[in-house]
1. If you check ASP25, ASP9, which single one turns out to be out of contact with any helix residue (DSSP H, G or I) (no Cβ under 6 Å at 6 or more places or on another chain), open to solvent by 10 Å² or more (accessible area, probe 1.4 Å) and either part of a helix (DSSP H, G or I) or not basic (Lys, Arg) (or both)?
2. Need the failing condition index for VAL178 against (1) modelled with pLDDT under 95; (2) under 17 Å from HIS11 (Cβ atoms); (3) in contact with a Phe, Trp or Tyr (Cβ under 8 Å, 6 or more places away or on another chain), just the number.
3. List every residue pair whose Cβ atoms lie under 7 Å apart, where the two residues are 6 or more positions apart in sequence or sit on different chains, the first residue falls within the range 106-121 and is within 17 Å of SER198 (Cα to Cα), and the second residue, located anywhere, is part of a loop (DSSP other than H, G, I, E, B) and aromatic (Phe, Trp, Tyr).
4. Please verify whether the range 217-228 includes one or more residues that are farther than 29 Å from ASN77 by Cβ and modelled with pLDDT of 95 or more.
5. Counting just the residues of the range 28-47 that are hydrophobic (A, V, I, L, M, F, W, C) and in a loop (DSSP other than H, G, I, E, B), which one comes out surrounded by the fewest Cβ atoms within 10 Å (Cβ to Cβ)?
6. May I ask you to list the residues in the range 167-193 that are under 12 Å from VAL153 (Cα atoms) and either open to solvent by 10 Å² or more (accessible area, probe 1.4 Å) or of a type in the set (Val, Ile, Thr) (or both)?
7. So if I check each of ALA217, ALA207, which one is under 13 Å from LEU6 (Cα atoms) and either out of contact with any Ser or Thr (no Cβ under 6 Å at 6 or more places or on another chain) or of a type in the set (A, V, I, L, M) (or both)?
8. Those residues that are of a type in the set (Asp, Glu) and modelled with pLDDT of 60 or more, I need them from the range 235-259; list them, please.
Amino acid sequence: MQRLALVSDVHGNLTALEAVLADIDARGIDRVLNLGDYVGKGPRGREVVDLCRERCEVNLLGNWDDFLPDPDRTFDNEALRWWLDQLGPGQGEWLRSLPFNHDFWLSGRRVRLFHASEETVHRRVRYVRTQAEFEALFTNTAATGDGPEPDLVGYGDTHDPFYECQLEGRTSFNTGSVGNCMGDPTPMYCILEGEVDSQEPAPWSIAYVRVPYDVEAELAVAREMGLPQYDGYELELRHGLYRGGLEEWRRGERETGYHERTPEVGA
């Protein structure tokens, strides 16, 4: 049996990524697959891209990776310009060229990994969702291409880990986030274990791993670099509360409605 580490949504948090990769190395796992969103929110998108290109055998497209370097993007603000300027030469083009999904067999299961949904990186599927949204995850679309439809789907994007299975063995899971996890802000990644590339039924498993890291060091770098929207970043990294609820938090209101919230552009 082989083990695959699945990481997602690093969002420029290099300190968290380095801690997660160190834990992966300590477990003797040498295959890392990245489900996207390398940049934005955190201060060191350039360094995160470089490290992921070096360490991840699969890198997938995320919503930030698509829209931030888009030369035709019409929505703009000071923060987006700051995050874009932080990228190195050619990194924007590399990000936008990443594949949408990655399919493979694991112990007789057809696995499909993508960032957010089966149709686009710009539509998220939360664990509070409709039955139709769940069933659609397992369909082929123009974005995923043809081929055997999956019965095991993994994705990121919501920064909100969960696992669900239904009739016909269809199973979906969310990896959570390495650099910007909601609820519990401790970085999270997944380990898939089984007979990789085998169509024969065999045992398989999925495990969730939390990795403590030096959040104070990450926030110190963010302050030193003049990160825009720093207060929102600090709220997310310290408390796992979405930055869209910053004003409610300042008023002492802890109910953010994150799972039902429709995030603003760039969430």
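1. ASP25
2. Checking VAL178 against (1) modelled with pLDDT under 95; (2) under 17 Å from HIS11 (Cβ atoms); (3) in contact with a Phe, Trp or Tyr (Cβ under 8 Å, 6 or more places away or on another chain), the one that fails is (1).
3. These pairs meet every condition: LEU106/TRP204; SER107/TRP204; ARG109/TRP204.
4. no
5. ILE29
6. Scanning the range 167-193 gives GLY169, ARG170, THR171, THR175.
7. Going through ALA217, ALA207 in turn, just one is under 13 Å from LEU6 (Cα atoms) and either out of contact with any Ser or Thr (no Cβ under 6 Å at 6 or more places or on another chain) or of a type in the set (A, V, I, L, M) (or both): ALA207.
8. Residues satisfying the conditions are GLU236, GLU247, GLU248, GLU253.
The values are calculated or read from the model by the stated rules, or taken from the named source; none is laboratory data. The structure displayed is predicted, hence computed values, not measured ones. We place every Cβ from the backbone using ideal geometry, glycine too, and count neighbours over all the protein chains shown. Quick note on the areas: whole protein, heavy atoms, side chains included, nothing else; ligands and nucleic acids left out. Shrake-Rupley method; radii C 1.70, N 1.55, O 1.52, S 1.80 Å.
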